[in-house]
1. Condition first: buried (at least 18 other Cβ atoms within 10 Å of the Cβ), without any contact (Cβ under 8 Å) to a residue 60 or more places away in the chain and closer than 13 Å to Leu123 by Cα. Now tell me which residues in the stretch 66-85 satisfy that.
2. Could you check the stretch 19-38 and list, in sequence order, the residues that are over 15 Å from the mean Cα position of the chain (by Cα) and modelled with pLDDT under 95?
3. Restricting to the stretch 40-54, give me the number of residues that are more than 10 Å from Ser101 (Cβ to Cβ), small (Gly, Ala, Ser) and either assigned to a loop (DSSP other than H, G, I, E, B) or open to solvent by 50 Å² or more (accessible area, probe 1.4 Å) (or both).
4. If you take just the strands (runs of 3 or more DSSP E) that sit entirely in the stretch 67-136, which of them hold at least 3 residues that are among the polar types (S, T, N, Q)?
5. Being under 19 Å from Ser83 (Cβ atoms) and open to solvent by 80 Å² or more (accessible area, probe 1.4 Å) is the filter here; which residues of the stretch 13-39 pass it?
6. Pick from the stretch 100-110 the residues that are open to solvent by 40 Å² or more (accessible area, probe 1.4 Å) and within 14 Å of Pro78 (Cβ to Cβ): which of them is nearest to the chain's Cα centre (by Cα)?
Amino acid sequence: MASRCAAEGSVTIQLKVSSNKMDNLMNAIKKIEEAAKAGANIAILPESWNTPYGTGVLQDMDCKYIIEYFSKYAEEIPKGMCSNQISIAAKENEIFVVAGSIPEKCGHNIYNTTTVWNQDGQLVAKYRKVNIHVMI
């Protein structure tokens, strides 16, 4: 489902997220394409669009607490599969994409990271949200 926002030419996208990362990615790309075809200049994906939002907590080797699904679905940004494909979708559809957030792995840390891609497919902004339970 996509809906028009108050800002001219922007579309917020709602996605049904499953435990299949590839299905989630393909669904997001399809919605970005639909937004561009509808004349949007900016497509905005939801938080945790590529992963179920886990509520369970696990303890890793470094004794840090992490969200169950975030550790399983985390990838490097911009080198990961989702980043690469969202970059391509932004470029091919000539649309800015605010890519909601995905779990980002950076060293031993996991972040809930939002990325912004321009119409040339370049990463132009990144915001890392650290959840308090990750830092305990």
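1. Correct list: Ile77, Gly80, Ser83.
2. The answer is Ala38, and nothing else.
3. Number satisfying all stated conditions: 2.
4. Fully inside the stretch 67-136 and qualifying: 109-117.
5. Met22, Asp23, Met26, Lys30 - these are the residues of the stretch 13-39 that are under 19 Å from Ser83 (Cβ atoms) and open to solvent by 80 Å² or more (accessible area, probe 1.4 Å).
6. Lys105
The values are calculated or read from the model by the stated rules, or taken from the named source; none is laboratory data. Nothing here was measured: the structure is a model prediction, and the numbers come from that model. A quick note on method: Cβ atoms are made from the backbone with ideal geometry, for glycine too, and the neighbour counts reach across all protein chains shown. Just so you know, the surface numbers come from the protein's heavy atoms only, side chains and all, with ligands and any DNA or RNA stripped out. Shrake-Rupley method; radii C 1.70, N 1.55, O 1.52, S 1.80 Å.
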